[in-house]
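Trainee: Okay, handing you the structure first.
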Amino acid sequence: MRPGFDVDERTRADVVRLVRGLDGMPLALELAAARLRTLSLPELAAGLSDRFRLLTTGSRAAAPRHRTLRAVIAWSWDLLGENERTVAERVSVLPGGVTPESAAAVCAGTAVLPGEVPELLAALVDKSLLLLAPDAGRYRMLETLREYGIERLADRGALGAVRDLAARHLAGLVAREDPLLRGPGQLAALRVIRAEYDNAIAALRHLCDTGDATAAVTLAMDLSWYWQILGRHAEAAYWHGQALALPAAGHTPDRDTAEAMLLLNRVNARSPLSADGLHENEPALRALADRLLAHPSLPGFAGVLAAITLHFLREHEASLALVRRLAEGPDVWMSGLAHMFRASFAENQGDLDQVRADVAAALDAFGRAGDRWGLAAVLPTRALLRQYDGDLDGALADLREARALAREFGSLSLADEIFLDVRWIDLYLRRGEDARARAMLDAVRERAERSASPELVVIVGALEAGTWLRLGDPERARVRIEAAEAGMADGAPAGGEYGAAIVGSVRASLCVRQGDAAGAEVALARAYVAALESRDLPIMAMVAVTGAGLAGLLGRHRDVALLLGAAARLRGTHDLSDRQIQAMAARGRAALGEDVFAAAYQDGWRMDGKTASLQVDPARLRREPDGPARVCGPSMSPTF
């Protein structure tokens, strides 16, 4: 009502007085807010002693029906025609707004005919019982009026039956729209589900309250991809948990698929960036995988969930066999999803050739299916490949396209959005656009802090510290890495092994910049152990590059070349655009000569992943001379 109004120290007292004086009633507050067109806030708050005249422009001497809002509502209700009253009462069970379709559904079995509903809704608008919503063809009812309608239904014993009708309608609507989320109708389906979301959740709550396990699980599953697209993992985990907690006859493919969604969303809600949540859920994942695989055949989406579950349990061959079947299957969208997951698995294993093939196949499949979400999810990985190849213009184009697509359907998940920004910052640094990178840092950190995710705060803080180092500001880097370290406690750091590896690596880089070799070795040792535990080869590659920085500080230039080659092997490709790597390589070539440096680099590049991981151990720099490569004994061998 008053653009620019803000609740601050100057206005807070009057706002509190106003809200308390009106008992927090939405209808009363809405009526009061309308008076801000002509009254100041202090005048409005002072007028509460005469509140009814003020809010209704009526007289204090009016009839008793005008003396309370409840009486006003009852009086208004009594003035309605019978069919108008039926519609008003029944649409009150729809907290997310009303359409002619939903109004007709909840009026089934009454004297109200479907063809009469639009005219009756218009009559309720004329009588101020409904308001026009911003979306065309949609109406809303003020909360106080809705509560009154629900009370009237309850008094007549009709509330449960009307909510049954609403739940049946919403379940059918979501079931109809859900498949469209995975094709060219994605944006329209998102708009429909978004508009009806509060009603759908009310329906799901009702199904849970009445113990209808089958219908509750079905509706939760039909909402699953909507939650996935928008990154609402905590909501998904909560509602799958509520539905699956209802007594049921036994395990079915549908219930097992829902349980897989529950566990995977719990993992994502716990820590979207690491496998932290896996440890506490591993027994349940094991039992679930066994049940899923026991079914004679798995429908497509259940097959993907089974593959992801097996991957988390480190049964990679069995997982990849399921993914391969889906990738080669007839369902184009499912093939795109399978290729996307296999690309993610392959990147984790440093198999960039497989990543390239699967990224191309996923983009082709999602493009043919018309799925914008799938394209937005895969394009950042192609941008990373192009970045490694030195095609910075192509990488920037991919990131721009991913963001444009994401904005069409809403956004990626918060973690994905933040890490898209982190990728953008890194790309600006590689392009030499330091001012643009610097301008993004504060906003990315603030978004992470608002996320209420300790993991995001720690990892983004550490990555920001690394960025300040690359920008030549070690003091700011120190402040940010200390903040990240403060977020890690009691040997169980937020962000898990990933967080520990990134924080330790950045701290080691800061020590190298400050000439503190001993401090760098301590921090790098922590990062190395965490990287081993993460079983993530790109994370180990990051530690290897930091180790090369320490080797350079110690004057061990052959180890610089060896570790840079090992880092390339671990990530699966040479990084042709990283200015930090370029600078270390230039110093190494100057010290050793081109041929010696190239030979040592090739020694690292030719290692397998296990040997390269052993070579990264910072303790080797202390034990061994700067000579031909040697690796630690079998007792040090990590498990991949």
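Trainee: Rolling a 1.4 angstrom probe over the protein chains, ignoring ligands and nucleic acids, what is the accessible area of HIS339 in square angstrom, nearest 10?
Mentor: Near enough 20 Å² of accessible area.
Trainee: Which one of ALA541, GLY231, VAL359 has its Cα pushed farthest toward the positive end of the charge dipole of the chain, where Lys and Arg give +1 and Asp and Glu give -1 at the Cβ?
Mentor: So the residue we want is GLY231.
Trainee: Applying the Karplus parametrisation 6.51 cos²θ - 1.76 cosθ + 1.60 with θ = phi - 60° to the phi angles of segment 138-149, what ³J(HN,Hα) value in whole Hz is obtained for each residue in order, glycine and proline being reported as x?
Mentor: Computed from phi, the couplings for segment 138-149 are 10, 10, 9, 10, 4, 4, 5, 5, 5, 4, 5, x Hz.
Trainee: Only Cα pairs under 8 Å and at least 6 apart count here; give the relative contact order of the chain as a rounded whole percent.
Mentor: Normalised by residue count, the contact order of the chain is 7 percent.
Trainee: Also: Set the Förster radius R0 to 60 Å, insert the Cβ-Cβ distance between ALA74 and ARG606 as r into 1/(1 + (r/R0)^6), and round the FRET efficiency to 0.05.
Mentor: My answer for the efficiency is 0.10.
Trainee: I'd like the FRET efficiency for ARG407 and ALA321, computed as 1/(1 + (r/R0)^6) with the beta carbon distance as r and R0 of 30 Å, rounded to 0.05.
Mentor: Efficiency computed from Cβ-Cβ geometry: 0.20.
Trainee: Using unit Cβ charges (K, R positive; D, E negative) and no other charged atoms, how large, in debye to the nearest 20, is the dipole of segment 158-317 about its Cα centre?
Mentor: My answer is approximately 300 debye.
Trainee: Then there is this: Would you mind calculating the gained length between ARG587 and ALA188 on full extension (0.36 nm times residue separation, minus the Cα-Cα distance), in nm to one decimal?
Mentor: 138.1 nm
Trainee: Rule-of-thumb check for segment 330-481: C-alpha Rg over 2.2 N^0.38 Å?
Mentor: Normalised Cα radius of gyration, segment 330-481: 1.10.
Trainee: For segment 169-217, what relative contact order do you get, as a whole percent, if you take Cα pairs closer than 8 Å and at least 6 residues apart?
Mentor: 33
Trainee: I would also like to ask the following. What accessible surface, in Å², does a 1.4 Å probe find on SER128, ignoring ligands, DNA and RNA and rounding to the nearest 10?
Mentor: Around 80 Å² of this residue is reachable by solvent.
Trainee: For the pair VAL596/VAL19, report the inter-label distance in nm, with labels modelled 7 Å from Cα in the Cβ direction.
Mentor: 7.2
Trainee: Just to verify a number: FRET efficiency for ALA245 and THR210, C-beta to C-beta distance, R0 = 22 Å, to 0.05?
Mentor: 0.95
Trainee: Now a separate question. Can you pull the one-decimal nm distance between simple spin-label points at ASP8 and GLU30, each 7 Å off the Cα toward Cβ?
Mentor: Result for the modelled spin labels: 2.9 nm.
Trainee: With a cut-off of at most 14 other beta carbons within 10 Å, and DSSP calling the residue loop, which trypsin sites (Lys or Arg not before Pro) in segment 146-198 qualify? Please list them.
Mentor: For trypsin sites (Lys or Arg not before Pro) across segment 146-198 that sit outside H, G, I, E and B with at most 14 neighbouring Cβ atoms in 10 Å, the list reads ARG156.
Trainee: Any idea what the dipole of segment 167-233 comes to, in debye rounded to 20, about its Cα centre with Lys/Arg Cβ at +1 and Asp/Glu Cβ at -1?
Mentor: 200
Trainee: Taking Cα centroids, how far is segment 486-559 from segment 1-18 in Å?
Mentor: A separation of 50 Å, based on Cα centres.
Trainee: Evaluate the relative contact order of segment 349-454 (contact order divided by residue number), counting alpha-carbon pairs under 8 angstrom at least 6 apart; express in whole percent.
Mentor: 19
Trainee: So if the hydrodynamic radius of segment 277-395 is defined as the Kirkwood radius over C-alpha pairs, what does Stokes-Einstein give as its diffusion coefficient at 4 °C and 1.567 mPa s, in µm² per second?
Mentor: 87
Trainee: Going 7 Å from the Cα of ARG368 in the Cα-to-Cβ direction, what parts of segment 170-194 have a backbone nitrogen less than 20 Å from that spot?
Mentor: Correct set: 180-186.
Trainee: How long is the gain from SER128 to LEU113 if the chain were fully straight, where each residue apart is worth 0.36 nm and the alpha carbon distance is subtracted?
Mentor: Using 0.36 nm per residue and subtracting the Cα-Cα distance, I get 3.2 nm.
Trainee: Continuing with the same structure: Rounding to the nearest 20 debye, state how big the charge dipole of the chain is about its Cα centre with +1 on each Lys and Arg Cβ and -1 on each Asp and Glu Cβ.
Mentor: 1000
Trainee: Something else: Using 0.36 nm per residue of separation minus the Cα-Cα distance, give me the extension gain between ARG579 and LEU180 in nm, one decimal.
Mentor: 139.2 nm
The values are calculated or read from the model by the stated rules, or taken from the named source; none is laboratory data. Because the structure is predicted, anything quoted here is derived from the model rather than measured. Reconstructed Cβ throughout: ideal geometry from the backbone, glycine too, with neighbour counts over all protein chains shown. Note: areas computed on protein heavy atoms with side chains; ligands, DNA, RNA excluded. Shrake-Rupley method; radii C 1.70, N 1.55, O 1.52, S 1.80 Å.
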